[in-house]
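Scroll down for the structure; my scribbles are underneath it.
The values are calculated or read from the model by the stated rules, or taken from the named source; none is laboratory data. Bear in mind the structure is a predicted one, so any value in this text is a computation, not a measurement. Neighbour counts are summed over all protein chains in view; Cβ atoms, including those assigned to glycine, are modelled from backbone coordinates with ideal geometry.
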Amino acid sequence: MERRLPLFTDNHVRQPIVNALRTRGWTVVRAIDAFPERTPDEVLFAHAAREGLVFVTSDRGVHTIARRWIEESRPFRMIFWRFAHHARMSDGAFVRALEELAERADHFIYPIEYITPGP
């Protein structure tokens, strides 16, 4: 049984990925729909954590915030990939990777899940 995760995406997640996930029944909240443009990453990150949303991004600055939160033992969940993967993975590949992650029984043992291109 598929366990779709409630997601929070920033501007680093392409709109076709958001559209495909929504079409497949995922709850996806875009930062731009919830906050004014140029809202600090720390505010976005805290919101996602407080609301139980998985922050999805390739923004290294947000990854830095996440690592700090781990050091502070603050709870959150995040899905991250290196920005360079955009050139190597199709939108469909990202959607499939997210769906595969949601299916795994052991997802989020560590608060950050990483998406990497396949072979």
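Within segment 37-55, is there a residue that is of a type in the set (Val, Ile, Thr), in a loop (DSSP other than H, G, I, E, B) and modelled with pLDDT of 95 or more? There is at least one residue in segment 37-55 that is of a type in the set (Val, Ile, Thr), in a loop (DSSP other than H, G, I, E, B) and modelled with pLDDT of 95 or more.
Go through segment 70-119 and count every residue that is charged (D, E, K, R), assigned to a loop (DSSP other than H, G, I, E, B), within 14 Å of the chain's Cα centre (by Cα) and modelled with pLDDT of 90 or more.
Selection size over segment 70-119: 1.
In segment 59-78, the residue that is surrounded by the fewest Cβ atoms within 10 Å (Cβ to Cβ) out of those that are touching a residue at least 40 places away in the same chain (Cβ under 8 Å) and in contact with a strand residue (DSSP E or B) (Cβ under 6 Å, 6 or more places away or on another chain) is HIS63.
Does segment 7-24 contain at least one residue that is at negative phi, charged (D, E, K, R) and without any contact (Cβ under 8 Å) to a residue 40 or more places away in the chain? Within segment 7-24, one or more residues are at negative phi, charged (D, E, K, R) and without any contact (Cβ under 8 Å) to a residue 40 or more places away in the chain. Taken over segment 18-35, the criterion of being out of contact with any strand residue (DSSP E or B) (no Cβ under 8 Å at 6 or more places or on another chain), within 20 Å of GLY92 (Cβ to Cβ) and assigned to a helix (DSSP H, G or I) is satisfied by ASN19, ALA20, THR23. Within segment 4-47, the set of residues being exposed (fewer than 15 other Cβ atoms within 10 Å of the Cβ), closer than 21 Å to PRO75 by Cβ and under 15 Å from the mean Cα position of the chain (by Cα) comprises PRO6, THR27, GLU42. Against the numbered list (1) in a helix (DSSP H, G or I); (2) within 14 Å of the chain's Cα centre (by Cα), ARG67 comes up short only at (2).
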